[in-house]
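Below you'll find the structure, written out as structure tokens, and then a few comments.
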Amino acid sequence: MAYDRLAALSLSIDDVSLERLERETSSEFARVTTEIALTGPDDDGTTVVGRGEDVTYEADEHDALAHSGLPDLTGDYTIDSVSSRLESVDLFPAGPPDREEFRNYRRWGFESAALDLALRQAGTNIESELGRSLEPVQFVASTRLGEPPTTDRLEALRERVPDLECKLDPIPEWDEDLVADIVDTVGSDGVRILDLKGQYEGTDVDVPADPELYALVLEAFPDAVLEDPALTDETRPLFDDPEVRRRVSWDAPIHGVDDIEALPWEPDWLNVKPSRFGSLESLLEAIDYCVDRDIRCYGGGQFELGVGRGQIQLLASLCYPDGPNDVAPRAYNDPELGASLPSSPLEPPAEPHGFRWSDSGSD
């Protein structure tokens, strides 16, 4: 198991600090995250910093964390024992989060910072410890089409990156004319993933089950991966076809191997969002499970603003570089696109350190 290669790495934490990050996004909301820094000594007496990112979605949760502070995390650990420590303490000391999954998001921020610190204190990097090589990362651009939906942003993206592939979020406002415009803009094969968002409940991005919408996009984009459909009496018949089932992927329900095994059928695809898993052990166990069963994976992001973006790119480079990874560089999430954008694939760092794509934090 991949986790076993990391579990015994030692680390020493002298201090914990937090930095609030905020940035406007192309999805018309201000994203707030917290970058976590775990500080400890190096062998030569200098200071080493391990970084991670808490991608909890409510800004109030980040403000509360900054105000209340954290339980004491200083001390000497292994990766396995620091994970146990993080499981035993309350990382939301100001009160329970609005959504229980936020506990996993915050824990992932601390676990990834701990891994980064341990690797740096050992003078190594994650690819060496896992015995894997970094590969160029294929990525897609995830974008919404506005209200009312148009192809304007798709056209702007394709002007900058002519062969760019996309992940789109169909909504009930989509009609045949819009779908035809999308096909004219990027081609039916230019849409790699359709995120139906049918597995969310009580969030701002919920999309109700819509058999007519599902039928429309299934036909218009015959090769696209179909992420998180809502299976109801009205929509389930669309997924009785084995060929359609082979296109289905899951994201929101997946927090570990038990969730994969509880799916309505064994999947062919899975969106791996590390923060959903909470712990490094749960994440790597799930990736091993998928490898053993030939389940194809691709990485997913959470509008990371700091070091977390590079960390999900790093995992994609190590574990599923050829998937339609929703890990595009942050410039793709800016409300106003720059004159040029990085194109896929994303080249890995030549001299990686710790658990980071780059020491500068850029992506």
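The values are calculated or read from the model by the stated rules, or taken from the named source; none is laboratory data. Everything quoted here is computed from the prediction, not taken from an experiment. For neighbour counting, all protein chains shown are included, and Cβ atoms are generated from backbone atoms with ideal geometry for every residue, glycine included.
So, in segment 231-253, exactly how many residues are touching a Leu at 6+ places or on another chain (Cβ under 7 Å) and at pLDDT below 95?
Result for segment 231-253: 0.
Considering E347, E304, which residue is touching a residue at least 40 places away in the same chain (Cβ under 8 Å), of a type in the set (D, E, K, R) and buried (at least 21 other Cβ atoms within 10 Å of the Cβ)?
E304
Residue by residue, here is whether (1) free of Cβ contacts under 8 Å to residues at least 40 places away in the same chain; (2) in contact with a Pro (Cβ under 9 Å, 6 or more places away or on another chain); (3) assigned by TED's automatic domain parsing to the domain that holds R51 holds:
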{"position": "T235", "(1), (2), (3)": "yes, yes, no"}
{"position": "E266", "(1), (2), (3)": "yes, no, no"}
{"position": "Q311", "(1), (2), (3)": "no, yes, no"}
{"position": "Y320", "(1), (2), (3)": "no, no, no"}
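Restricting attention to segment 158-176, which residues are touching a strand residue (DSSP E or B) at 6+ places or on another chain (Cβ under 6 Å) and in contact (Cβ under 8 Å) with a residue 60 or more places away in the chain?
L164, E165, K167, listed by residue number.
Return yes or no: is A328 among the hydrophobic types (A, V, I, L, M, F, W, C), under 16 Å from the mean Cα position of the chain (by Cα) and farther than 19 Å from V291 by Cα?
Here the answer is yes, as A328 does meet what is asked.
Restricted to segment 1-38, and to residues that are surrounded by fewer than 17 Cβ atoms within 10 Å (Cβ to Cβ) and among the hydroxyl-bearing types (S, T, Y), which residue is farthest from F355 (Cα to Cα)?
Per the stated criteria, the residue is S27.
In segment 121-171, which residue that is part of a loop (DSSP other than H, G, I, E, B) and of a type in the set (S, T, N, Q) is nearest to T39 (Cα to Cα)?
It comes out as T124.
Criterion first (surrounded by fewer than 18 Cβ atoms within 10 Å (Cβ to Cβ) and not assigned by TED's automatic domain parsing to the domain that holds V55) does G123 satisfy it?
No; evaluated as a whole, the condition is false for this residue.
Would you confirm whether or not segment 322-341 contains a residue that is in the same structural domain as A224 (by TED's automatic domain parsing), under 20 Å from R106 (Cα atoms), part of a helix (DSSP H, G or I) and modelled with pLDDT of 95 or more?
No, there is no match, as no residue in segment 322-341 is in the same structural domain as A224 (by TED's automatic domain parsing), under 20 Å from R106 (Cα atoms), part of a helix (DSSP H, G or I) and modelled with pLDDT of 95 or more.
Name the residues in segment 23-69 that are farther than 23 Å from P329 by Cβ and assigned to a loop (DSSP other than H, G, I, E, B), would you?
D42, D43, D44, G45, T46, E58, G69, listed by residue number.
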